[in-house]
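All of the numbers you see were taken from the coordinates with simple rules; none came from a lab. No experiment lies behind these values; they were computed from the predicted model shown. Note that we place each Cβ from the backbone using ideal geometry, even for glycine, and neighbour counts take in every protein chain shown.
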Amino acid sequence: MEATEASSTALAETPARSLAPDNPLLALERVYRTFRQPGAGMRRGGRVTQVSATHFRVRGLSESTRLGDVVEFRGERGNRSGEIVQIGVDDVIVAPYEKCDDIVLNQPVHVDRGVVIVPDEGWRGRAVDALGRPIDDHGPLPRGVRTGEAAPVTPSPLARQRVETAFRTGVRVIDIFTPLCYGQRIGIFAGSGVGKSTLLAMLAAADAFDTVVVALVGERGREVREFLEDTIGEATMAKTVAVVATSDESAMMRRRAPDTAMRVAEHFRDRGHRVLLVLDSITRLAHALREVAIGSGEPPIARGYPASVFTDLPRLLERAGPGTDGAGSITAIISVLVDGDDHNDPVADSVRGILDGHVVLERAIAEQGRYPAVNPLASVSRLAGKAWRDDERALAMRLKAMISRFEDTRDIRLLGAYQAGTDPELDQAVRQVPVIYEALMQSPGDPVSHDPFADLARHLKSREKPVERPAE
Ligand SMILES: Nc1ncnc2c1ncn2[C@@H]1O[C@H](COP(=O)(O)OP(=O)(O)O)[C@@H](O)[C@H]1O
Ligand SMILES: [Mg+2]
């Protein structure tokens, strides 16, 4: 050891300037510098001691790794990686990213540098998996330039710009009743098949955004293709990065996809883009988080969900929002699956608290063929106050009151227990609400609405049952 020290000092002190550029001593010095740091050139490793369907144990890494570190190993079908999800005295538990039925006992496992997602302008228009590898047929992805700066940080609450610049989504029922602002986080709540994904795609087509990042978690493969090619459409896809983890991928990939999507969104936000992040669905993300946490031994607390699920979800959503001065913003629209009429679903409950608003879709409305099946009475945008002009707010309130009157009396009217002419307000509601409903119907291929209030007024007028717009 001492001898090495002495000779290396001598080497370091050799006056480099006096040597020719191709002198072997210089090459030797370069090699020496590479290996000078302690541990350089060596990879920490261990060996597999137990294998189960979704996890395996590795001995020899306990003292040198941290939670979330990525390890690499060789399966029969090539190099694979996984993440350390639990550390014990004797061994660590690794959850592989891909199915690993070819792992054998005693197999070596090495600590890897980790998955580094370095997005690039050229990612727009592309679809990637949770590890940032291309999954479309457009060839390799351009590698982003690693600037050496650390991963983007979530701005502190006080450094953030305020959320107060409204934008139009082009979807009339949203822009009238639950108008949104840049940097807002909003949830679309509904059972399955009620139109969440379709509404998300329509919102993604809003002109208001420079870049759209779509995270599709736990969907079937066929649905993903339909969503990207038909529902989102070519025009929006050109500025979209899709991050996909389908239902047949491991829980680790499904858990990771929203994180990767957020990383991409942060990249574009820091370059000044107004980014829309669409996550479909957060419930499936919660399922993946649950699967991984339970597999690594965490006890379930609420309906089978371990506690960490309810800290991981806010941590992810907190990364959306407005950026610091000069940066762009990340507006997040996420879908939440509400099974049946289960309003006590712990995921829906906890997510509702983190969001700045929720849009509720109802099966009964969809069954009437009224799409998007939004119930405006149950939907709230906490930033609507900032988004509406005064006259728009007044009109929206009047429309809500009328719709509420109409829906409350539906049964009475069906029974024939109401006679027209006794209540002028109700008469007006009965006349106009069906026309309003008609005006709010919109499908993905329909033209977007630039002034939803004007569109609505025009529609009512065309039916010659005018509702007067308040003076501006
Ligand atoms: N805006 C819409 N216009 C017409 N049909 C719609 C609309 N939204 C949803 N649908 C219908 O509902 C079906 C299910 O919608 P989808 O968005 O896949 O629901 P979810 O994501 O909630 O499961 C679609 O296949 C379509 O037939
Ligand atoms: Mg869907």
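Once backbone amide H atoms are built at 1.01 Å from N, L279 has A215, I333, I334, S335 as its partners under 5 Å, excluding neighbours fewer than 5 places away on the same chain.
Full extension of the chain between L26 and E72 gives 13.2 nm of extra length, using 0.36 nm per residue less the Cα-Cα distance. Shape class of segment 341-472 from the alpha-carbon gyration tensor: oblate, with a/c at 1.5 or above and b/c at least as large as a/b. Here the 3J(HN,Hα) profile of segment 228-238, calculated from phi with Karplus coefficients 6.51, -1.76 and 1.60 at θ = phi - 60°, is 6, 8, 9, 6, 6, x, 4, 4, 5, 4, 4 Hz, Gly and Pro shown as x.
Contact order, relative form, for the chain: 15 percent (alpha carbon pairs under 8 Å, 6 or more residues apart, mean separation divided by residue count).
Can you classify segment 23-140 as rounded, prolate or oblate using the Cα gyration tensor, where a ≥ b ≥ c are the square roots of its eigenvalues, rounded means a/c under 1.5, and otherwise it's prolate if a/b beats b/c and oblate if not? Cα axes put segment 23-140 in the oblate bin. Per residue, the average separation of C-alpha pairs within less than 8 Å and at least 6 apart gives segment 298-386 a relative contact order of 18 percent. Legend: Rg and Dmax of segment 323-381, from Cα coordinates, 14.5, 46 Å.
If the limit is 24 Å between Cα atoms, which of K196/K239; K196/K461; K400/K461 go over it?
Pairs exceeding 24 Å: K196/K461.
The fewest-to-most ranking of I294, I282 by surrounding Cβ atoms within 10 Å reads I294, I282. Rg/Rh for the chain to two decimals, with Rh computed the Kirkwood way over all alpha-carbon pairs. Rounded to two decimals, Rg/Rh equals 1.10.
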